[in-house]
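Please treat every number below as a calculation from the coordinates, not as lab data. Not measured: the values here are computed from a predicted model. All Cβ positions, glycine included, derive from the backbone under ideal geometry; neighbour counts span all protein chains shown.
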Ligand SMILES: Cc1cc2nc3c(=O)[nH]c(=O)nc-3n(C[C@@H](O)[C@@H](O)[C@H](O)COP(=O)(O)OP(=O)(O)OC[C@H]3O[C@@H](n4cnc5c(N)ncnc54)[C@H](O)[C@@H]3O)c2cc1C
Ligand code: FES
Ligand code: FES
């Protein structure tokens, strides 16, 4: 199917050029990374930009490395590159596990984590792992660079704190100071490529500290702070897990849509919480299933 | 819109073609460059029938602009079987893996990419590699078995 709207195409060679192009179009240009969301929107007529600014030629966005106690993931890094990175697998296995649940190999070969965050659909698999790791999004505009904590990134479904003249340069995850383990649990309609009906990231830190974040069960991906407050400082037990499950209904607001009813989502979020907590605890103790193995 | 001349290496040959910024790669490959193995199924990334190799990785050519491929290398099914069917393709034939065959070009490329990176995949890894390639005829078993078999030979 052809794309009905006309637009100009630019492929800036460096970051300053990309930033000045963005400023020149004053909100009427769209950045293009992997295109796995944007090209679909263009075909469906949901976006009609005057210009596309392809960020794939900007070398400042290519890095995937540790600096200043953080893992910095450049905006051009694809999910395939995250999955193939030993650094990501060894230091941030929850993000690694989540990346493997995104779409299919052929989509992941193009789709970027930054693009996932900018699309900001409620079901995005990239967000929960970043929320539990308290990552931040680095942006660059014509006058300043900003560092936006993940907790302030999503402002609504498909809406973010990014300004029209800014682009995302990187996502940064602080290296955990203590021993941690966790999991990303994704429920889909079938095994294989599907968007999440419920997604949950769990991060367990030595000393009974818990971080939890859901996606696809509310307008934005979010931490489950009430459940975290209940769990923190206590030893995991069946009784504690039962109490945590009872708090799920207060922590999420699932809707009924083509992929699942709200009742099913709520029920499964509780099942996933129990299995997620147990899996994270087991992995922290050096046991449990290998990362990547399904627990649903 | 203004036409731009792009250059790409398509199945080993340097090709030049005029495109508009909103031309999609699959349409340019099929309609302007005469490569017919990639097919339009869903046209939105879900089905994998439009799969091609772009700089060594499989991509959904329905979600790539032709202009993005300027200076890139593209390999389609025509390109991987230039010297006759590959071992993998022969295995698909031996297993009668396909019925209508619409999914076959994409499936062959997805499996080719898998075996390039991982010559001896587990069954789950094969399922994962072709999870984005939909087949409406076969139920997948003969496809998975053919890939398993190709690694043994
Ligand atoms: C078949 C299919 C299945 C999918 N399945 C899943 C799934 O299971 N889970 C999931 O989470 N997602 C899924 N997705 C969506 C996922 O592929 C995208 O969200 C992807 O991660 C977006 O990244 P991209 O590089 O393709 O972005 P693009 O499509 O290029 O861009 C997306 C948006 O982000 C903006 N943008 C891109 N880069 C920047 C930047 N550096 N700064 C500012 N703005 C930027 C663009 O302007 C655009 O608005 C699926 C998509 C398809 C087609
Ligand atoms: S036609 Fe491209 S994925 Fe279906
Ligand atoms: S053989 Fe018909 S779609 Fe796969």
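Measuring from label point to label point, each 7 Å out along Cα→Cβ, what is the residue A:208 to residue B:55 span in nm?
Simple spin-label model gives 5.0 nm for this pair.
Which residue, A:178, A:278, A:158, tops the fluctuation ranking in a GNM of chain A built on C-alpha contacts under 10 Å?
The residue with the greatest mean-square fluctuation here is A:178.
Under a crude label model (7 Å from the Cα following the beta-carbon direction), how far is residue A:121 from residue A:90 in nanometres?
3.5
Using helices alone, what [θ] at 222 nm do you get for the protein assembly as shown, with -39,500 (n - 2.57) per DSSP H run of 4 or more residues, divided over all residues and rounded to the nearest 500? Kindly include the intermediate steps, with their values, before the conclusion.
Details: 17 runs with 142 residues, N = 449.
The helix-only estimate for the protein assembly as shown comes to -8500 deg cm²/dmol at 222 nm.
Across bins of 10 angstrom width beginning at 0, how are the C-alpha pair distances of region B:1-119 distributed, in whole percent?
14, 46, 31, 8, 1
Taking the number of other C-beta atoms within 10 Å as the exposure measure, put A:6, A:54 in order starting with the fewest.
Details: A:6 12, A:54 18.
The most exposed by this proxy come first: A:6, A:54.
Quick one: Cα centre-to-centre distance for region A:97-114 and region B:34-50, in angstrom?
Rounded to whole Å, the Cα centres lie 19 Å apart.
Given a Förster distance of 56 Å, report the FRET efficiency between residue B:2 and residue A:294 from their Cβ-Cβ distance, rounded to the nearest 0.05. Spell out each step's value before the answer.
Values: r = 49 Å, r/R0 = 0.88.
Calculated value: 0.70.
Between A:233, A:276, A:74, which gets the highest mean-square fluctuation from a Gaussian network model of chain A, Cα cutoff 10 Å?
Looking only at A:233, A:276, A:74, the biggest GNM fluctuation is shown by A:233.
Any idea what the relative contact order of chain B is, in percent, if you count C-alpha pairs under 8 Å spaced at least 6 apart?
Numbers: 265 pairs, mean separation 36.0, N = 153.
Computed value for chain B: 24 percent relative contact order.
Round to a whole angstrom and tell me the spacing of the C-alpha centers of region B:56-96 and region B:132-153.
Rounded to whole Å, the Cα centres lie 17 Å apart.
7 Å from Cα along Cα→Cβ at both residue B:15 and residue A:191: what's the point-to-point distance in nm?
Going from the residue B:15 label point to the residue A:191 one covers 3.7 nm.
Over region A:121-229, calculate the relative contact order: mean separation of alpha carbon pairs under 8 Å at least 6 apart, over the residue count, as a percent. Please report the intermediate quantities before stating the final value.
Details: 229 pairs, mean separation 35.3, N = 109.
This gives 32 percent for region A:121-229.
Need one word for region A:20-88: rounded, prolate or oblate. Basis is the Cα gyration tensor (sqrt eigenvalues a ≥ b ≥ c); a/c below 1.5 gives rounded, then a/b vs b/c decides.
Oblate, because a/c is 1.5 or more while a/b does not exceed b/c.
Assuming 0.36 nm per residue, please report the length gained on full extension of the stretch residue B:153 to residue B:83 beyond their Cα-Cα distance. It would help to have the intermediate numbers written out before the result.
On the way: separation 70, 0.36 × 70 = 25.20 nm, distance 1.89 nm.
Stretched fully, the residue B:153-residue B:83 segment lengthens by 23.3 nm.
Please report the Cα spread of the protein assembly as shown along all three principal axes, rounded to whole Å, starting with the longest.
65, 58, 41
Would you mind getting me the FRET efficiency between residue A:226 and residue A:1? Use the beta-carbon distance for r and R0 = 60 Å, nearest 0.05.
Values: r = 46 Å, r/R0 = 0.76.
Approximately 0.85, to the nearest 0.05.
Just want to confirm a number: the relative contact order over chain A, from Cα pairs under 8 angstrom separated by 6+ residues, in percent.
Values: 610 pairs, mean separation 45.9, N = 296.
Taking the mean separation of contacting Cα pairs over the length of chain A, I get 16 percent.
Mind listing P(r) for region A:132-172? All alpha-carbon pairs, 5 Å bins, whole percents.
Reading upward from the zero bin: 6, 25, 32, 25, 10, 2, 0.
Which residue fluctuates the most in chain B, going by a Gaussian network model with Cα springs under 10 Å, if the choices are B:94, B:83, B:18?
The residue that fluctuates most here is B:83.
So if I take the centroid of the Cα atoms in region A:235-296 and the same for region A:44-80, what is the distance between those two points in Å?
A separation of 32 Å, based on Cα centres.
With viscosity set to 1.002 mPa s at 20 °C, what whole-number translational diffusion coefficient in µm²/s follows for region A:46-131 from Stokes-Einstein and a Kirkwood radius over Cα pairs? If you can, show how the numbers build up before the last one.
Numbers: Rh = 13.7 Å.
Using the Kirkwood radius from Cα pairs, D works out to 157 µm²/s.
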